[in-house]
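Nothing in this text is a laboratory measurement; each read-out follows from the coordinates by a stated rule. Remember, predicted model here, so these are calculated numbers, not experimental data. Heads up, the Cβs are rebuilt from the backbone with ideal geometry, glycines too, and the neighbour counts pull from every protein chain shown.
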């Protein structure tokens with residue numbers, strides 16, 4: 001099964017595509033800070049749509065919006081997730097929504113694991129010998145967990 005993992009963020013959205021425990025593609029979609037919110041969402045969504053067209057995943061693990069110290073950030077991230085959900089529906093990709101604590105718990109045994117601990121486990125599980133950007137590592141962790149739901 002081909003599974004896409006998404007770690008939504010307006011400045012950096014991590015993505016990781018796996019199939020049969022093998023990484024197909026991993027990276028980060030970035031939008032310029034100088035862009036308006038609609039422009040950022042459009043830029044990130046266009047890149048996501050290109051990934052959907054190219055790889056045709058069957059399932060997508062999508063990180064849930066969680067309440068953070070700044071509610072405005074959570075609201076902005078929710079708007080980006082809405083665009084993602086629309087695109088995933090258009091491409092008939094099954095959406096699996098996952099809480100960050102659930103992903104961390106599944107990967108490390110600790111729902112409050114650090115980014116470094118997640119990175120370590122992602123590298124171990126997928127036999128990656130380079131340091132991935134944190135958003136990309138999180139996306140692969142999400143994809144890994146979405147396979148098992």
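Counting other C-beta atoms within 10 Å, which of 52, 17, 86, 140 has the fewest, and how do the rest follow? Present the calculation step by step, with values, prior to reporting the outcome.
On the way: 52 19, 17 23, 86 11, 140 30.
Least to most surrounded, the residues fall as 86, 52, 17, 140.
From the alpha carbon gyration tensor of the range 2-147, can you work out the equivalent ellipsoid semi-axes (sqrt of 5 times each eigenvalue) and give them in Å, largest to smallest?
Details: eigenvalues 96, 66, 39 Å².
In descending order the semi-axes read 22, 18, 14 Å.
May I ask you to list the residues of the range 76-90 whose amide nitrogen lies under 19 Å from a point 7 Å from Cα along the Cα→beta-carbon direction of residue 35?
So the set is 76-88.
Between residue 72 and residue 127, what is the spin-label point distance in nm, taking each point 7 Å from the Cα along the Cα→C-beta axis?
According to this spin-label approximation, the distance is 4.7 nm.
Diagonalise the Cα gyration tensor of the range 61-117 and give the resulting equivalent ellipsoid semi-axes, square root of 5 times each eigenvalue, largest first, whole Å.
Equivalent ellipsoid of the range 61-117: 23, 17, 7 Å, largest first.
Separation of the range 107-124 and the range 13-38 by C-alpha centroid, Å?
19 Å
Quick one: of the DSSP bridges fully inside the chain, what percent are antiparallel, nearest 5?
Values: 14 of 23 bridges.
So the antiparallel bridges in the chain amount to around 60 percent.
Separation between the residue 1 and residue 42 pseudo-spin-labels, each 7 Å from Cα along Cα→Cβ, expressed in nm?
3.6 nm
Report the gain in length on full extension from residue 94 to residue 25: 0.36 nm times residue separation, minus Cα-Cα distance, nm rounded to one decimal.
Working: separation 69, 0.36 × 69 = 24.84 nm, distance 1.89 nm.
That pair, residue 94 and residue 25, stretches by 22.9 nm at full extension.
Can you sort 95, 41 from fewest to most other Cβ atoms within 10 Å of each residue's own Cβ? Before the final figure, lay out each step's value.
Numbers: 95 15, 41 19.
Least to most surrounded, the residues fall as 95, 41.
Please tell me the relative contact order of the range 67-146 in percent, rounded to the nearest whole number, where contacts are Cα pairs under 8 Å and at least six residues apart.
21 percent
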